[in-house]
Amino acid sequence: MSANPHILELRTSPHVHGPNSVQTIMSNVMFALLPIAAFAVFLFGISALALICTTTTVCVVTESLVCKLSKKESTLGDYSAAITGLLLALTLPPGMPLWMAAVGSVVSVCVGKALFGGLGQNAFNPVLVGLAFIHAAFPIEVSSWTLPLAEGRFTSFMGTTLTVPFLSPAAFDGITGATPLALQKFEHVTTGLGELFLGTTAGCTGETSDALILLCGAYLIARKFINWRIPASTLGSAFLTSLVFYAADPEKYPSPFFTLFAGGLILGAIFLASDMVTSPVTPLGMWVYGGLIGFLTVIIRLFSGQLEGVMYAILLGNAVSPIIDSLTQPRIFGARRAKAKL
Amino acid sequence: MSTVTNTAAAPYSLATLLNGMWKENPGLVIALGMCPTLAVTNSFVNALTMGLATLFVLVVSSAVVSLLRSFVPTQVHLVTHLVIIATLVTIVDIAIGAISPQVYRALGVFIQLIVVNCIILGHAQGYASKSTVYRSALNASGTGLGFTLALLCLGGVREVLGTGEFMGAPLFGERFEPWAVMALPPGGFFVLGGWLLAISWWKRRTGKKSAGVEQKQAA
Amino acid sequence: MPAGLLHIAKTFARGIRPPAHKESTRALPIRRLPFAPELVVPLQQHTGSPSVPCVKVGQEVVRGEPIAKANGFMSVPMHAPVTGVVASIELRPTSRGEMQPAIVIHTYMGASQEVLYSAPQDVDAMTPNELVAAVRETGVVGLGGAAFPTHVKLVVPEGRRIDTVLVNGCECEPYLTTDHRVMLECADDIHAGIQIVQKAVGATRAIIATEDNKLDAVKSLNESRKKASTTVISVLKPQYPQGAEKLLIKALLDREVPSGGSPADVGVAVLNVATLAQLGEILPRRQGLIERVITITGPGVEHPGNYMVALGTPLSFALKHAGLKPDAVQVIFGGPMTGHSVADLDIPITKGITGILVLTGAETAKRPTKIYPCIKCGYCIDACPIQLNPSRLGVLAQRGLYEAMESEFYLNDCFECGCCTYVCPSHIPLVQEFRIAKAMNRQRKTAQ
Amino acid sequence: MNSDSLTFIFLNACIMNNFVLSMFLGICPFIGMQGNLKTAVRMGMTVTFVMVIASICATAVNLLLAYLHLEYLRLICFVCVIAGAVQLVEMLLKKKSPALHGALGIYLPLIATNSAILALALFQSLNQYSFIQGLAYALGAGAGFSLVLVIIAGLRERLALPGAPDVGRSAALSLIVAGILSLAFMGFAGVGY
């Protein structure tokens, strides 16, 4: 007596789904990066623009080639390759020779992601793998800085940008400028906080304007596209570690506020450390992870031969995040205590 | 393979030699003995020296172990082998120091570390102590040559990319930008990993192809 | 704030807030659905062992008359939902898809459908044991969806004391408004039901828990509350799955039911409002449970609303009256978060069904289809009300490590609320995989 | 920081010149290791333990050989003495503390011939460390070795996920991971100078 004219769909609950998808998260992260990129172009001119375009294009092309080679469905739709490229450009100096940036992009996508099995399975943040590779491969170029707001920045490229592939840059620009971190470390000149906050200093393409980065980060946190615990714990831990040293010897060590606002700490804490794939998933784990990154950043900055420690600190945080996860399983409702599962 | 075994002993030896050199290449395929491999392969000359030193120790130790195989009781196998190898390594160490102090400085402690190379001890324990002098020396030569080849592959790539030179001679002109990372430890890991990837990829491809041929033949 | 009305703007820590979609039925009074020409009463509409029929084929039955007896303690009797004749006792399809023995009754269309009562009983004069027996005779089971025999809940386990009766009127599932309407329209019955249960378990107080999107119901409940009553009404913030008893106890009393335990372990008995309303109405006059309120709603029906339906009414009959649209593609028993979709429309409506949700192709097409790899965003961990690690469980499920899921990651504590699947941006069917894992584990254990 | 200070020796062996990541020593066990975190921790403890023994042996052998003017026998002596000492310790452990032997025992023979152990003895002689400095060096090297072992064991779980390309599995991927870790550890280059 079936009065049923329909073919009924059979599936198990839940029958509704929340609004989020990988695509929404990733595209929002990308949109949040765009103002920062735009400001970078304003500061450093067409060289920054060329750098951003190069890394993004190379990352996207590499990703699609990898998909083709491994005969997988294209994964460009998840925006992750584009974000990798964009972030890589923002963490390189604006005058970086384009071919070196391209090499870094290929390393990011191939070594940092594809080898591990693609999005979601990479153990390290692909951006940082590429960046660390560039730092180790081309140490001179990656620490040559240009002053912002140079005249003619919109009409001519920086001297180093258009270096012929596989050759060294002909000459570094006459207007190279040291970053606030370098000034502090080698010449004990502290840059003003206001300048640091607004971002009119020398530095990596996208790391200079803390105000803008914080604003974009606040948007992502408000919409829960990044977890607030990671930036909070990273910055908090860096501040406290730095405070301890500052209290011990204010002459020798920079103030905690300088630590927070100089260099790429804020960019790293908001956009690199909080990468979902490579950070712990448990709430307590996130605190531990951020705490470790903040601490290591300050230690590396103050005691090692490197100027900037964020990149290394986050890579090390990525490396231990599976262990942190295993050791910080949340307590199950109604259970006496969570078993630490090794 | 059947054609090979039908003929006389010489091609058989060749097969043994080639087997060690390519099919079971210890450095790349079995990924054994990597400890000395990576540390000294930042230049071609270092890799060559290291390879030859290993080859020498491998062949001579195999021969000696094989000679002594009926005199040494099983209980003291390991110790005897270690002493033989350590003696040979000491000789090589002193010899390199005498021939080229420059290379000796570059290789440093790593020459002495040949003692604990898994390949040599493994070969002595697993092969030489059970077969004739001729066979084990031949097999050892194959393995040793293969190992040297692997070291050269690594050293070559790392030197060319890391310095833009090959055995000290500039390859790409003065303005070549060296990839400093290749001469550093991470470069060693990356290049060896890259070689392993390339080989496994190549093996899979040829494996697929031959499987395809067999299927066609069966059809 | 009126006395006894407890405003609490709190809830439990995690969970989700899906769109409620309750507006299309919340304002509509309960209407009675006509009697279908043929009613099918499955012998197992509850958790426990099936009832045993006590009527013969061809026997005439009067509405309200017992037609099946309870079989053991974990079982309840059945009553005729309609005046008519027993046409057959045979296997019929049920909501879960399997065939089950059922009593088929052909309705006398001309009958007045008066309900058969027995002699009324004085609740105040009865002892707790007598009350439990009387509750059992009514055949009432949990009407919130679980269909757990109510009298079993009223037996206090040895060594336990129950101090609080928690009346669950949260109705956190989207679309459903059954409990809302019952609270609004049958407040007196609910208070009567509370008294019965409170007496049976010896509890000193009762708390009615509801959410702040049902304030009209709160008003009605408060108005009909007697002066001497120890009942308080508490209003929580809407959150899914607040209606899960363990979470409700946590939110209201801050007591945590131990893993694998029951509410009695922390001195609480939790009952659904609709259950209590039925109990309060039918127990004093020794009547049996023969009908219930269900919400028929969703974009696939013309006349969504809350209907009083005789148990055993075929789904197709109910949908015909609510106006099934031709583009409907999915019919769900229960709400969208935990309800199960049905395979055909010939199955009967039973005691545990709270609502019927009909979705059209336009709705189902909105569901994500592409599954991305897990990006370890941790959304599921933030959503899981019992703080499991669905992300890790999902990875283990993918690798088929079902035993490890149970022994190391508390798989059996999962009560399948579906929050993890709802929030997962990679659209991984987490809770679905957990169900498979649980089934595989059960199978393995029985095989051993 | 003074380059002779114990802290520096410890940190240098543990982090700046990590045996695994910057000197490629003792890689074989962790490339092949399939174990979980627990195994890694135990193995790291064992390596540290053997390193301390090796360091003590090396100090003793060096003193003796210097007295006898037989320095060219150093390598042979190291090999024999360390292997013998490890064997002895294993037997002792078996008798005195079966629990500890159960935890560490199975790895002991494996580790006795590990390149990291001999390298420790050789580097210690090369740098002419005193007995106490040698101990600090051994502890640092052992701690660094354990650290990397534990990190790789933690990551291995992630690498074992289905979906990773076949060519990237096993040794090659482990090496690449080690390479990335090695890059990350370069952040500490220059600490103490």
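The values are calculated or read from the model by the stated rules, or taken from the named source; none is laboratory data. Predicted model only: the values in this text are computed from it and were never measured. Note: ideal-geometry Cβ built from the backbone for every residue, glycine included; neighbour counts use all protein chains shown. In case anyone asks, the SASA skips ligands and DNA or RNA and just uses the protein heavy atoms, side chains included. Shrake-Rupley method; radii C 1.70, N 1.55, O 1.52, S 1.80 Å.
Ligands, DNA and RNA excluded, the heavy atoms of C:GLU408 present near 60 Å² of accessible surface to a 1.4 Å solvent probe. List for the range C:351-375: residues with 20 Å² or greater reduction in accessible area, all protein chains versus chain alone, probe 1.4 Å? Those residues are C:ARG367, C:PRO368, C:LYS370, C:TYR372, C:PRO373, C:ILE375. Quick note on chain C: its Rg to Rh ratio, both from C-alpha atoms and Rh being the Kirkwood radius, is 0.96. Accessible surface of C:HIS303, taken over heavy atoms with a 1.4 Å probe and every protein chain present, rounds to 100 Å². Assuming charge only on the beta carbon of Lys and Arg (+1) and of Asp and Glu (-1), the dipole of the range C:379-447 about its Cα centre is about 260 debye to the nearest 20.
When the pairs C:LYS153/C:LYS226; C:LYS320/C:LYS438; C:LYS199/C:LYS445; C:LYS219/C:LYS320 are compared against a 32 Å limit on Cα-Cα distance, C:LYS320/C:LYS438; C:LYS199/C:LYS445; C:LYS219/C:LYS320 fall above it.
Neighbours of A:LYS224 by Cβ distance under 13 Å: Lys/Arg scored +1, Asp/Glu scored -1, total +2. Ranked from largest to smallest solvent-accessible area, with a 1.4 Å probe on the protein heavy atoms, A:ILE25, C:ILE89 come out as C:ILE89, A:ILE25. Rounded to the nearest percent, how much of the accessible area of the protein assembly as shown (1.4 Å probe, protein heavy atoms only) is carbon and sulfur? With neighbouring chains kept in place, the figure for the protein assembly as shown is 64 percent. Think of the range A:21-177 as a dipole: +1 on every Lys or Arg Cβ, -1 on every Asp or Glu Cβ, centred on the Cα centre; then among A:LEU128, A:VAL106, A:LEU33, A:VAL106 lies furthest on the positive end. Evaluate E = 1/(1 + (r/R0)^6) for C:SER88 and C:ASN412, where r is the Cβ-Cβ distance and R0 equals 51 Å; express this FRET efficiency to the nearest 0.05. The value I calculate is 0.80. Going 7 Å from the Cα of C:ARG286 along its beta-carbon direction, which residues of the range C:123-141 have the amide nitrogen within less than 16 Å of the resulting point? What the label zone holds, given the 16 Å backbone N cut-off, is C:123-127, C:130-139. Solvent-accessible surface (1.4 Å probe) assigned to C:VAL342 amounts to roughly 0 Å².
Straight Cα distances below 14 angstrom link C:LYS69 to the aspartates and glutamates C:GLU137, with same-chain residues fewer than 8 positions distant left out. Projected onto the charge dipole of the range C:317-448 (+1 at Lys/Arg Cβ, -1 at Asp/Glu Cβ, origin at the Cα centre), which of C:PRO373, C:PRO425, C:SER391 gives the Cα projection farthest towards the positive end? So the residue furthest toward the plus end is C:PRO373. Ordered by solvent-accessible area of protein heavy atoms (1.4 Å probe), largest first, the residues C:TYR108, A:TYR312 come out as C:TYR108, A:TYR312. Once the 1.4 Å probe is applied to the protein heavy atoms, the protein assembly as shown comes out at 40 Å² accessible per residue. Based on Cα contacts under 8 Å between residues 6+ apart, chain C shows a relative contact order of 19 percent. For the residues B:TRP202, B:TRP179, a 1.4 Å probe over the protein chains yields an accessible-area ranking, largest first, of B:TRP202, B:TRP179.
Computed over the range C:289-349, the Cα gyration tensor eigenvalues convert (square root of 5λ each) into semi-axes of 17, 13, 12 Å, ordered from largest to smallest.
Taking only alpha carbon atoms, the range C:379-447 gives an Rg to Rh ratio of 0.95, where Rh is the Kirkwood radius.
Summing Cβ point charges (Lys, Arg +1; Asp, Glu -1) relative to the Cα centre of the protein assembly as shown gives a dipole of roughly 2140 debye.
Straight-line cross-link partners of C:LYS366 among the lysines, defined as a Cα under 25 Å from its Cα and at least 8 positions apart when in the same chain: A:LYS224, C:LYS22, C:LYS325, C:LYS376. Each Lys and Arg adds +1 at its Cβ and each Asp and Glu adds -1 at its Cβ; summed about the Cα centre, the range A:120-249 shows a dipole of about 540 debye.
Working note: 222 nm ellipticity from helices only, DSSP H runs with n ≥ 4, each -39,500 (n - 2.57), summed and divided by the residues of the protein assembly as shown, gives -15500 deg cm²/dmol to the nearest 500. Projecting label points 7 angstrom from Cα along Cα→Cβ for A:SER70 and C:GLU98 puts them 4.3 nm apart.
Here D:MET45 and B:MET167 are evaluated by their C-beta separation; at R0 = 45 Å the FRET efficiency comes out at 0.50. Between chain A and chain D, the total buried accessible area stands at approximately 2600 Å², from heavy atoms with a 1.4 Å probe.
With a cut-off of 20 Å, note down the residues of the range A:11-25 whose backbone N falls inside the zone around a label point 7 Å from the Cα of C:THR369 toward its beta carbon. Counting only backbone N, you get A:11-24. Straight-line cross-link partners of A:LYS252 among the lysines, defined as a Cα under 20 Å from its Cα and at least 8 positions apart when in the same chain: A:LYS185. Spin-label pair C:ALA13-A:SER255: with each label point 7 Å from Cα along the Cα-Cβ axis, the two points sit 3.8 nm from one another.
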